[in-house]
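Before any comments, here is the structure.
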Amino acid sequence: MSRTDLVMLAPFSNMEQVGLYGAAMRMTYVLTFPQVVLMTALSPVFSDLLARGLVDQVRRQLVRSLLVGLAISVPFMAIALPFRDDIVAIVFGAGFTAAAPVFVVLAIAQAATALSIPCGALLVAAGSQRAFGTTNAIALAGNVGINLWLIPQLGAQGAATATALCSLFLLASQAEIVRRDFFRFSGQKGEVV
C-alpha cells in the first residue's frame, strides 16, 4: 500500500510533495522493521504449532508478538508526536520540516501496520489466505480511491491520510478475523476454544 501512495503522489501532486512524503515515510520504518524480522522467525512457528494442534501456544505467540509491536510503537509515538519538527529537522534538515505533519500521520499508519503484521502472518499460517488476500485487496482498493480523492487537494498529507486509514482498516479487519477464529468463546464458563 505504501508504494501506491508514492506512485500516485507524483502525477497527482508535485515532486516536492513526493520528497516530503518519502522523507516522512523513511523515518517511520523503524516501527515495522522489528515486526518484519520477528515474523520471519515466528511465521514458521505459527505453522508448526497449528500443524500440531497447539492453538493455546499459537495464541500466546500472537499476544507476545502484538506486545512487541506495542512496546516499539508506543514509545516511538510518545517521542515522535511532541518533537516531530525537531526530529525531522535533525534527520533531514530544516528544509524538510514541512514533512512533520506527514510524519505524524504515517507514524500512526506504521504503528497499525506493526500490529497487523502478526495477524496477517497467523492468517496465512492457518490457511486463511483468502481472508488475508481479501482484506489486503479491499485495503489496496480503498487506498487507491482515497488517494485519488485526497492527493490533488492535500498532496503528501492526503497520501499519508489514505495510508493511515487503510492501515487501520487492515489491522481492524484482520484482528477481527483472528479474534473470531482463535479467541472465540464456547459459551461454557467463558472458555476459549
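Could you order E16, E176 so the one with the most accessible surface comes first? Probe is 1.4 Å.
E16, E176
Find how much the distance from D181 to Q129 grows on full extension, using 0.36 nm per residue of separation minus their present alpha carbon separation; answer in nm with one decimal.
Separation in residues times 0.36 nm, less the Cα-Cα distance, equals 17.4 nm.
With the Cα gyration tensor of segment 73-161 giving a ≥ b ≥ c as the square roots of its eigenvalues, does the rule (a/c under 1.5 for rounded; else a/b larger than b/c for prolate; else oblate) give rounded, prolate or oblate?
oblate
Regarding segment 1-135, what's the average projected area of the Cα-atom convex hull, expressed in nm²?
8.9 nm²
Enter the accessible area per residue of segment 21-126 (Å², integer; probe 1.4 Å; all protein chains in place).
It amounts to 45 Å² per residue over segment 21-126.
Can you figure out the FRET efficiency of M15 with V37, using R₀ = 25 Å and their beta-carbon distance, to the nearest 0.05?
Working from the Cβ atoms, E equals 0.15.
Using a 1.4 Å probe on the protein heavy atoms, what percent of the accessible area of the chain belongs to carbon and sulfur?
The C+S portion of the solvent-accessible surface of the chain is 68 percent.
Determine the dipole magnitude for the chain: charges of +1 sit on the beta-carbon of Lys and Arg, -1 on that of Asp and Glu, nothing else is charged, the reference point is the Cα centre, and the result goes in debye to the nearest 20.
Result for the chain is approximately 560 debye, rounded to the nearest 20.
Per residue Cα convex hull volume for segment 78-126, in cubic angstrom?
Spread over its residues, the Cα hull of segment 78-126 gives 77 Å³ apiece.
Using the alpha-carbon atoms, what tilt in degrees (0 to 90, nearest 10) does helix 2-12 show relative to the longest principal axis of the chain?
Helix 2-12 and the main axis of the chain meet at about 30 degrees.
The values are calculated or read from the model by the stated rules, or taken from the named source; none is laboratory data. Small disclaimer: the values here were computed from a predicted structure and weren't measured. We place every Cβ from the backbone using ideal geometry, glycine too, and count neighbours over all the protein chains shown. These accessible areas exclude ligands, DNA and RNA; they are computed on the full protein's heavy atoms, side chains included. Shrake-Rupley method; radii C 1.70, N 1.55, O 1.52, S 1.80 Å.
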